[in-house]
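Undergrad: I'd like to ask you about the structure that follows.
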Amino acid sequence: MAIKHNNQIQHNHFRKDWQRRVRTHFDQPTKKIRRRSLRAAKAAAVAPRPVDKLRPVVRCPTLKYNRRVRAGRGFTLTELKEAGIPRLVAPTIGISVDHRRQNLSEESLAANVARLKAYKTHLIVFPRKGAKHPKAGDSKDIDLSNTTIVPTVGAALPIIPIGEGISEIKKSELPKAIEGGAYAKLRKARSDARLQGTREKRARDKAEAEANKK
């Protein structure tokens, strides 16, 4: 209930020295320059490697967003096995691994295996410094004049958004109408599934009864 009349305001704590508790961001333009220089320094430090790792294509969670695709945390062990990449070697050549994720469809498994194989065709593994003999998996006969160094993996293997879930078709492409209607067909299929055991038992009993008559 509001206070009526022109009364005195009680407990008026207005001297709180709020200027000391306010945070300003006047250094935002300078921070932007600093972040950019740090990114450039990191790219120069890890060159010719890209600054990021290869990540899988996954679907967004929930019914609202599952039509979208995005980069996941890491490839599953099944995907690495199908692509022929040992799971302990994968992190050393710029592939992120997530041992907790599971493949719930053949579609996602095939898409990410194809992504790994495409990455292997683009990959060049240099021998280690001071190594007298190249290790298994190292690239041989490297010709750097014909190679392109990319700063990020996403530049070479981008995640392309899929098309919309709804598309227009012509009237001639519509499926033929179901005889008797879709509802009646669904009810018939449900009834057949529910009564399958009963009908099989009835047919068995009838066959036995006829066999006993003979």
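The values are calculated or read from the model by the stated rules, or taken from the named source; none is laboratory data. Just so you know, these numbers come straight off a predicted model, no measurement behind them. Glycine gets a Cβ as well: all are built from the backbone with ideal geometry, and neighbour counts include every protein chain shown. Each accessible area value is taken on the protein alone, full model and side chains, heavy atoms only, with ligands, DNA and RNA left out. Shrake-Rupley method; radii C 1.70, N 1.55, O 1.52, S 1.80 Å.
Undergrad: Just tell me the longest site-free run in the chain, where the sites are chymotrypsin sites (Phe, Trp or Tyr not before Pro) in a DSSP loop having at most 13 other beta-carbon atoms within 10 Å.
TA: Of all site-free stretches, the longest is 27-214.
Undergrad: Round to the nearest 0.05 the FRET efficiency obtained for HIS11 and ASP98 when R0 = 45 Å and r is the Cβ-Cβ distance.
TA: 0.20
Undergrad: Where the convex hull is taken over the Cα atoms of region 26-77, what is its projected area averaged over directions, in nm²?
TA: In nm², the orientation-averaged hull projection of region 26-77 is 6.6.
Undergrad: Right, another one. Label LYS117 and LEU63 with points 7 Å out from Cα along Cα→Cβ: what is the distance between them in nm?
TA: With each label placed 7 Å out from Cα toward Cβ, I get 3.6 nm.
Undergrad: If you bin every alpha carbon distance in region 149-204 into 5 Å steps from zero, what whole percent lands in each bin?
TA: Computed distribution, short to long bins: 4, 12, 9, 9, 9, 9, 8, 7, 8, 8, 6, 5, 3, 1, 1.
Undergrad: Okay, moving on. Hey, with R₀ at 45 Å, roughly what FRET efficiency would LYS185 and LYS213 work out to, going by the Cβ-Cβ distance, to 0.05?
TA: Taking R0 as 45 Å, the efficiency between LYS185 and LYS213 is 0.70.
Undergrad: On a 0 to 90° scale, report how tilted helix 106-122 is relative to the longest principal axis of the chain, with both axes built from alpha carbons and the result rounded to the nearest 10.
TA: 40 degrees
Undergrad: Also, I was wondering about something else. Long-range amide H contacts for VAL97: which residues qualify at under 5 Å (H placed 1.01 Å from N, peptide plane, sequence gap of 5 or more or a different chain)?
TA: Placed amide hydrogens put PHE75 under 5 Å from VAL97.
Undergrad: Summing +1 for each Lys or Arg and -1 for each Asp or Glu, what net charge is found among the other residues whose Cβ lies under 13 Å from the Cβ of ALA110?
TA: Around ALA110, the surrounding residues sum to -2.
Undergrad: Past 28 Å, Cα to Cα, is the threshold; run LYS64/LYS176; LYS185/LYS213; LYS42/LYS120; LYS42/LYS129; LYS31/LYS53; LYS31/LYS129 against it and keep the listed order.
TA: Pairs exceeding 28 Å: LYS64/LYS176; LYS185/LYS213; LYS31/LYS129.
Undergrad: In deg cm²/dmol, rounded to 500, what helix-only [θ] at 222 nm does the chain give when every DSSP H run of at least 4 residues adds -39500 (n - 2.57) and the total is split over its residues?
TA: Value at 222 nm, helices only, nearest 500: -12000 deg cm²/dmol.
Undergrad: Run the quick spin-label model on ALA45 and ARG73: label points 7 Å from Cα toward the beta carbon, then report their separation in nm to one decimal.
TA: Reported label-point gap for ALA45 and ARG73 is 2.5 nm.
Undergrad: Amide H of ARG67: which non-local residues (sequence gap of 5 or more, or other chain) have their own amide H closer than 5 Å, using H built in the peptide plane?
TA: The list, which skips near neighbours in sequence, is empty: none.
Undergrad: Taking every pair of Cα atoms in region 1-91, average 1/r, invert it to obtain the Kirkwood radius, and report Rg/Rh to two decimals.
TA: Radius of gyration relative to Kirkwood radius: 1.35.
Undergrad: Once you put a point 7 Å from the Cα of ASP52 and another 7 Å from the Cα of GLU106, both along the Cβ direction, what distance in nm separates them?
TA: 3.1 nm
Undergrad: Go through region 173-187 residue by residue and turn each phi into a ³J(HN,Hα) via Karplus (6.51, -1.76, 1.60, θ = phi - 60°); whole Hz please, and just put x for glycine and proline.
TA: The phi angles translate into 8, 5, x, 5, 5, 7, 5, x, x, 5, 5, 5, 5, 5, 5 Hz.
Undergrad: Sticking with this structure for a sec: Could you please report the charge total around HIS122, scoring K, R as +1 and D, E as -1 over all other residues with beta-carbon less than 13 angstrom from its beta-carbon?
TA: With Lys, Arg at +1 and Asp, Glu at -1, the net is +4.
Undergrad: May I ask you to give the solvent-accessible area per residue for the chain, in square angstrom, as obtained with a 1.4 angstrom probe?
TA: Per residue, the chain has 91 Å² of solvent-accessible surface.
Undergrad: Region 175-214 to region 58-136: how many Å between their Cα centroids?
TA: Comparing the Cα centres of region 175-214 and region 58-136, I get a distance of 49 Å.
Undergrad: Let me ask another. Considering only GLU173, GLU107, GLU82, give the residue with the highest GNM mean-square fluctuation for the chain, with springs between Cα atoms whenever their separation is below 10 Å.
TA: So, out of GLU173, GLU107, GLU82, the one fluctuating most is GLU173.
Undergrad: When the chain is modelled as a GNM with alpha-carbon springs shorter than 10 Å, which of ARG87, ARG128, ARG21 fluctuates the most?
TA: Answer for the Gaussian network model of the chain: ARG21.
Undergrad: Right, something else. Just to be sure I understand: if I project the alpha-carbon convex hull of the chain onto a plane and average over all orientations, what area do I get in nm²?
TA: 37.0 nm²
Undergrad: Past the 17 angstrom mark, what percentage of all C-alpha to C-alpha distances in region 67-137 do you count?
TA: Tail of the P(r) past 17 Å holds 46 percent of the pairs.
Undergrad: Among ASN146, ASN103, ASN112, whose mean-square fluctuation peaks in a Gaussian network model of the chain (Cα, cutoff 10 Å)?
TA: ASN146
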